[in-house]
Amino acid sequence: MKKLQISAPGRINLLGEHLDYNHGIVLPAAIDRYFEFDFKATESPSIEINALDLNESWDFEFSQLNALQTSGWRSYVKGVFMLLFEDDSAKHIPFDPASSSYVPSSFGGLKIHFRSTIPIGAGLSSSAALCCGLAFGLNEWFGLGKSRLELALLAQQTEHQFAGVKCGLMDQVASLFGKKGQLIAFDCLDHSIETFSLPLVGVQLFLLDSKVKHNLAESAYNERRAQLEAAWMKAKELFPSIESWRTIDEIQLNLLFAHLDLNTQKRLRYVIDEIARVACVQALAQDISVSGMNAKLSIEPYKELGKLINQTHEGLRDLYEVSCEEIDFLQANLIKQPEILGARMMGGGFGGCLLVLAQDSFDFNRLKSLTTAYHAQFGSTPALERIALVDGVRVL
Ligand code: GLA
């Protein structure tokens, strides 16, 4: 009996938040929290999906999928199936004129079980891991021959068309292109992908999950994107030769600001500053790698990195305005600890995890008084998540 097992990781992002739809370079990495899928051939002509953690299952005929109303995880599954089989990369699969598509179920039935260790709504891209892992598995199963970048784009389109979130491409690239122990530098303009190591000598990265998920996250995300796209149209009108936010200068920026409302000015200021911070981290990573090969590293470059991480948090809080009270409370208290070099909200915003850079000597018991104070104020207990950087989507 034909079988296939796939694992698809979630992600962190060191820096470059909200730059993936703003012409930037982002610095994510895949982490050791996964969606895992089991694919099995069955006799029945239908496709059966089991979400094991939720104890929910879904049985459908591919030819009827388009007409089915879906929500939650089913919308992502529907999107991946619909987008994967809509073009002729699937042409070796029999074409069904009734549904105007290639019909995977005519290959025989398929049963897919999945489960996940990626906390939902924690800013670790569980939906991207679901879409990337499923798309990768179906691509293998049906021999569709799509590249990892094509699968990343397809998973992104699933979010746009089937979940209504106009996300960038960072999460999908991290899940599909992650490398053990490495960060990714993903250039969102030309889609080039490089990996680099940031030796963590004397320091560690960990996550603190605030356990908060505000409902406005998706609408606010789309709103930020629309504001920046409108600003970009104006910039192109004023300076037709401009290529991206990366090359706008301060004089042009001031001229442009005169045409933008105050909120859009703040959003754009954040984007320009964050682009500059990413360039600093790239230079720093270079220095750390080079000196790391020769000598015992000093803590200084990590202190610099920590400062950049804190500045990103300030920008996300005050200018991009995608943080929230709970996250700001944790961030402000974390950075009071002398061994914590930097902390910031991570991901789309309005909750989820903080990314923390700390010295190795940091004693995690020190988080206890903070989590107690947090519980007293907000009624939930933040969770410490230790992470490792891992390979992207793979066959097990
Ligand atoms: C979400 C989106 C990404 C990216 C981040 C913010 O995770 O899915 O595309 O924009 O927010 O950096």
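The values are calculated or read from the model by the stated rules, or taken from the named source; none is laboratory data. Treat the numbers as computed from the prediction; the structure is a model and nothing was measured. Neighbour counts are summed over all protein chains in view; Cβ atoms, including those assigned to glycine, are modelled from backbone coordinates with ideal geometry. Only protein heavy atoms, including side chains, enter the accessible area calculation; ligands, DNA and RNA are left aside. Shrake-Rupley method; radii C 1.70, N 1.55, O 1.52, S 1.80 Å.
What whole-number value in Å² describes the accessible area per residue of the chain for a 1.4 Å probe?
I get 43 Å² per residue for this part.
Considering amide H positions built from the backbone, and no H for Pro or chain starts, which residues 5 or more places from GLY109, or on another chain, come under 5 Å of its amide H?
For GLY109, whose amide H was placed from the backbone, the distant partners under 5 Å are THR42, SER44.
Could you sort ASP273, ASP360 by their accessible area in this structure, using a 1.4 Å probe and putting the largest first?
Working: ASP273 50, ASP360 90 Å².
Per-residue accessible area, sorted high to low, gives ASP360, ASP273.
How far apart, in nanometres, would the label points at CYS280 and LYS307 be if each is projected 7 angstrom from Cα along the Cα-to-Cβ direction?
0.6
Please give the peptides 128-134, 17-23, 312-318, 257-263 ranked by average Cβ packing (other Cβ atoms within 10 Å per residue), highest first, as a rough proxy for protection.
So the peptides 128-134, 17-23, 312-318, 257-263, ranked by packing, come out 128-134, 17-23, 312-318, 257-263.
For segment 240-325, just say rounded, prolate or oblate: build the C-alpha gyration tensor, square-root its eigenvalues into a ≥ b ≥ c, call rounded for a/c under 1.5, and beyond that prolate if a/b exceeds b/c, oblate if not.
It comes out oblate by the Cα gyration axes.
Using label points projected 7 Å from each Cα along Cα→Cβ, tell me how many nm separate ALA226 and GLN161, to one decimal.
That separation, rounded to one decimal, is 2.2 nm.
If you place +1 on the Cβ of every Lys and Arg, -1 on the Cβ of every Asp and Glu, and leave all else neutral, what size is the dipole of segment 229-325 about its Cα centre, to the nearest 20 Debye?
180
As I understand it, the dipole of the chain uses +1 on the Cβ of Lys and Arg and -1 on the Cβ of Asp and Glu, about the Cα centre. Which of LEU208, VAL26, PHE186 lies farthest toward its positive end?
Most positive-ward Cα: LEU208.
Round to the nearest 0.05 the FRET efficiency obtained for HIS214 and ILE251 when R0 = 45 Å and r is the Cβ-Cβ distance.
Using R0 = 45 Å, I get an efficiency of 0.75.
When a/c reaches 1.5 or more, the comparison of a/b and b/c decides; with that in mind, is segment 182-236 rounded, prolate or oblate per its Cα gyration tensor? Display every interim value, and only then the final one.
Working: a/c = 3.46, a/b = 1.32, b/c = 2.63.
Oblate.
Kindly provide the Kirkwood hydrodynamic radius of the chain in Å, to one decimal, from all pairs of distinct alpha carbon atoms.
For the chain, inverting the mean 1/r across all distinct Cα pairs yields 22.2 Å.
What 222 nm value per residue comes from the helices of the chain, counting each DSSP H run with n ≥ 4 as -39,500 (n - 2.57) and dividing by all residues, nearest 500 deg cm²/dmol?
-12500 deg cm²/dmol
Sort ARG224, ARG386, ARG394 by heavy-atom solvent-accessible area, probe 1.4 angstrom, most to least.
Values: ARG224 15, ARG386 135, ARG394 110 Å².
The residues order as ARG386, ARG394, ARG224, largest area first.
Taking the alpha-carbon distance from LYS303 and a cut-off under 17 Å, which lysines remain once sequence neighbours fewer than 8 residues away in the same chain are dropped?
Partners found: LYS336.
Can you spot the lysines whose alpha carbon is less than 25 Å from LYS3's alpha carbon? Ignore those fewer than 8 places along the same chain.
Hits, sequence-local ones excluded: LYS40, LYS78, LYS91, LYS111, LYS146.
On the protein heavy atoms, probe 1.4 angstrom, tell me the percent of accessible surface of the chain carried by carbon and sulfur.
Of the solvent-accessible surface of the chain, carbon and sulfur hold 50 percent.
Could you tally the net charge around ALA231, taking each other residue with its Cβ under 14 Å from the Cβ of ALA231, Lys/Arg +1 and Asp/Glu -1?
Value of the local net charge: +3.
Can you sort ARG11, ARG269 by solvent-accessible area, 1.4 Å probe, largest first?
Values: ARG11 10, ARG269 65 Å².
I get ARG269, ARG11, largest accessible area first.
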